[in-house]
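Student: This is the structure, below, for whatever I ask next.
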Amino acid sequence: MFDTTLSPLPAPVAKAVAPIPSARHSFVLRAQERGHDLIRSDGTRSSYVAGHPDGFITRESSFNFHEYQSGRPGFGPIRVFGDEVFHGAGCGYNMHSHHNFVICAFVLQGELTHINTAGSGTVDRLRAGDYYVFSAGSGGKHCELSISQEDMNAIYIWFLPGQLYLPPSYHKGHFDFRTRRDRIEQLVGEADGALPIPNDIRVSRLITDAGKKHTYRPRSSSHGTYVFVLEGSLRCGDTVLERRGSLGISGVDEIEVQTTADTTDVLFVEVMMMDDDVIKKWERAQPGH
Amino acid sequence: MASDPIETVSAPLKRLMCLGCGFSYDEALGLPEHGLAPGTRWEDVPEDWVCPDCGTPKSGFEMVVVGYAEGGPELAQRA
């Protein structure tokens, strides 16, 4: 999900807006302010992006790094939060290598064929509501493909691990839209039924209807929470987030969201805020910080 | 160009991670199989060096403060 041949893109500008008074760090990122890539399976990239000659991937990135894109470099240990669509049968990422990164995918539409080399290896097919945690650890390869005619949309999140060179691992889960409606359901991180992840991270999901209030409580006020609206809309403090809008906040004990559209679908990604020079340097360079 | 020897002694050894794929470079361990001896400072790694796994340039690496899992350093040195 990273291509060194891409040219720098216009900066998605994250505004320093405090959605909740007293929050220590907060930002709001609208859908259209995210970094945008369109990666075709052509030229030298056809070895990396599958589906040649017609396949192409679109990727909207909340966080960006170094000279490839400008914008906020991350949030706590999150380095990539990509809203990706694989277009065309056979499109995706061919088998490639990782170390250390913990990569999660949450499938929203279509079908994802995921192959990885963790342990004795896995070939998996994931549909809407399915998700996985792949920890590359001491070395693991993976391949991400959409093999049907329907476009595949997934959220990909990359986290820094709690330790380097862990044994590679893969876990898969399913979020049931029907039985788990109207409550914040933890999908990843220490909790009954949630997938394990080798860092202080929790990912939760809420699907609910208009006019409902829900409160997300991070484990401590030192944890930060990245709130991403998959579908629908919600109000959080003074901020209204529409589809694919997001905010990051830390220094608070709870985050109340009031949904303003039916079938509002939200991800909460809770992380330990790190003393991160790269992110701090970026924040200092932004007006309003 | 070699590092200032005084600074080399005093500055803590760094670990860096490739943001393209997660490959790590540890100054203490070097990458002997890629011609970088243990103790080679990041600034002494050639500017045209790229991640051996994914081709990301040096500027796409980020310093990390993350410890190793058991047996990790040995694996990292041979990665």
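Student: Right, residue A:171: under 19 Å from the mean Cα position of the chain (by Cα), more than 16 Å from residue A:99 (Cβ to Cβ) and surrounded by fewer than 18 Cβ atoms within 10 Å (Cβ to Cβ) or not?
Tutor: Considered against the rule, which asks whether it is under 19 Å from the mean Cα position of the chain (by Cα), more than 16 Å from residue A:99 (Cβ to Cβ) and surrounded by fewer than 18 Cβ atoms within 10 Å (Cβ to Cβ), residue A:171 comes out as yes.
Student: Next up: Out of segment A:126-152, which residues are among the hydroxyl-bearing types (Ser, Thr, Tyr) and more than 14 Å from every other protein chain (Cβ to nearest Cβ)?
Tutor: A:131, A:132, A:146, A:148
Student: Here is a further query. From the set of residues in segment B:23-51 that are at the interface with another protein chain (Cβ under 10 Å from one of its Cβ atoms) and not β-branched (Val, Ile, Thr), which is nearest to residue A:140 (Cα to Cα)?
Tutor: B:23
Student: Return the residues of segment B:66-78 that are within 8 Å of another protein chain (Cβ to nearest Cβ) and either over 17 Å from residue B:30 (Cβ atoms) or among the charged types (D, E, K, R) (or both); say none if nothing qualifies.
Tutor: Across segment B:66-78, the qualifying residues are B:66, B:67, B:69, B:71.
Student: How many residues are touching a residue at least 60 places away in the same chain (Cβ under 8 Å), surrounded by fewer than 20 Cβ atoms within 10 Å (Cβ to Cβ) and not hydroxyl-bearing (Ser, Thr, Tyr) when one looks only at segment A:231-255?
Tutor: Selection size over segment A:231-255: 6.
Student: Given the conditions (1) under 14 Å from residue A:24 (Cβ atoms); (2) in contact with a Pro (Cβ under 7 Å, 6 or more places away or on another chain); (3) at pLDDT 95 or above, and given that residue A:270 satisfies all but one, which numbered condition is not satisfied?
Tutor: In the conditions (1) under 14 Å from residue A:24 (Cβ atoms); (2) in contact with a Pro (Cβ under 7 Å, 6 or more places away or on another chain); (3) at pLDDT 95 or above, residue A:270 misses (1) alone.
Student: Out of the residues in segment B:49-75 that are in a strand (DSSP E or B) and β-branched (Val, Ile, Thr), which is farthest from residue B:12 (Cα to Cα)?
Tutor: Taking the candidates together, the pick is B:50.
Conditions (1) out of contact with any Gly (no Cβ under 6 Å at 6 or more places or on another chain); (2) within 30 Å of residue B:19 (Cβ to Cβ); (3) not in a strand (DSSP E or B), marked per residue:
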position: A:214; (1), (2), (3): yes, no, no
position: A:224; (1), (2), (3): no, yes, no
position: A:228; (1), (2), (3): yes, yes, no
position: A:244; (1), (2), (3): yes, yes, yes
position: A:253; (1), (2), (3): yes, no, yes
position: A:257; (1), (2), (3): yes, no, no
position: A:261; (1), (2), (3): no, no, yes
position: A:266; (1), (2), (3): yes, yes, no
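Student: Quick test for you: out of A:147, A:184, pick the one residue that is more than 24 Å from residue A:61 (Cα to Cα) and modelled with pLDDT of 95 or more.
Tutor: A:184
Student: Ok, one more. Which pairs turn up if I take residues in segment B:60-79 that are closer than 17 Å to residue A:198 by Cβ and look for partners that are in a loop (DSSP other than H, G, I, E, B) and among the aromatic types (Phe, Trp, Tyr) with beta carbon separation below 6 Å, at least 6 apart in sequence or on another chain?
Tutor: Pairs that qualify, where the first residue is closer than 17 Å to residue A:198 by Cβ and the partner is in a loop (DSSP other than H, G, I, E, B) and among the aromatic types (Phe, Trp, Tyr), are B:68/A:165; B:69/A:165; B:72/A:165; B:75/A:165; B:76/A:165.
Student: Residue A:89: aliphatic (A, V, I, L, M) and surrounded by fewer than 22 Cβ atoms within 10 Å (Cβ to Cβ), yes or no?
Tutor: In short, yes.
Student: If you don't mind, another one. Taking residue A:155 as the residue in question, decide whether it is in a strand (DSSP E or B), within 25 Å of residue A:272 (Cβ to Cβ) and within 14 Å of chain B (Cβ to nearest Cβ).
Tutor: Against the criterion (in a strand (DSSP E or B), within 25 Å of residue A:272 (Cβ to Cβ) and within 14 Å of chain B (Cβ to nearest Cβ)), residue A:155 does not qualify.
The values are calculated or read from the model by the stated rules, or taken from the named source; none is laboratory data. As the structure is a computational prediction, the values presented were derived from the model and not from experiment. Every residue, glycine as well, gets a Cβ built from its backbone with ideal geometry; the counts of neighbours run over all protein chains shown.
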